[in-house]
Amino acid sequence: MSKKESMSIQIWIILILIGVASGMLSGFVGVGGGLIIVPALVLFLEFSQKMAQGTSLAILLLPVGILAVTEYYKHGYIDIKIALIISAGFVVGGFFGSKIALVLPQDTIKKIFAVFMLIVAIKMLFFDKKSIEKDPSSISSTSEKKG
């Protein structure tokens, strides 16, 4: 997604929902970036795996991922605008996810987490579309195609 392209309302909603879902899951069971953001960017916005990973890392930039983010950024695999929008949703989702987790029994949270990981693993192993590796400088928004 280039900086000059505008995003449709539909893309904004998808990005906010990705942020809220990953934030909630993070607050709920301590995960989010790799399990929600990366697959969601690949599936819903047709990002390459590297672009999705780099953008996910940018969301978690400070302080833990700074060196990884720097490497992805140098190679053109981070969409800063997308990372910032999802981050906003992540903050809100993390708050509500932690609220829910604190009132549920630990065994329930463990089971929800395990089922979620199984669903993601099965999807990636058996039902995932192959993505075509693109040069980061040639990647354009899929919002015009979908929205």
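Laboratory data are not the source of any read-out in this text; all were calculated from the coordinates shown. All values derive from a computational prediction rather than experimental measurement. Cβ: placed from backbone, ideal geometry, glycine included. Neighbour counts: every protein chain shown.
Taken one residue at a time, the phi angles of the range 87-104 give Karplus couplings (6.51, -1.76, 1.60, θ = phi - 60°) of 4, 4, x, 4, 4, 5, x, x, 4, 5, x, 5, 4, 5, 4, 6, 9, 9 Hz. Gly and Pro are set to x. Leu57: net charge of surrounding residues, Cβ under 12 Å, Lys/Arg +1, Asp/Glu -1, itself excluded? Local charge sum for Leu57: -1. Each of Val103, Val20, Val115, Val42 was scored by other Cβ atoms within 10 Å of its Cβ. Arranged with the fewest first, they read Val103, Val115, Val42, Val20. The calculated FRET efficiency for the pair Asp107 and Leu43, based on their C-beta separation and a Förster distance of 22 Å, comes to about 0.15. Remark on Phe47: its backbone amide H falls under 5 Å from those of Val42, a criterion applied only to residues 5 or more positions apart or on other chains, H modelled at 1.01 Å from N. Set the Förster radius R0 to 30 Å, insert the Cβ-Cβ distance between Val92 and Ser8 as r into 1/(1 + (r/R0)^6), and round the FRET efficiency to 0.05. With R0 = 30 Å, the Cβ-Cβ based efficiency is 0.90. In plain terms, the residue of Leu102, Leu35 with the fewest other Cβ atoms within 10 Å comes first and the most crowded comes last, giving Leu102, Leu35. By the count of neighbouring beta-carbon atoms within 10 Å, fewest first, Lys130, Lys50 end up ordered Lys130, Lys50.
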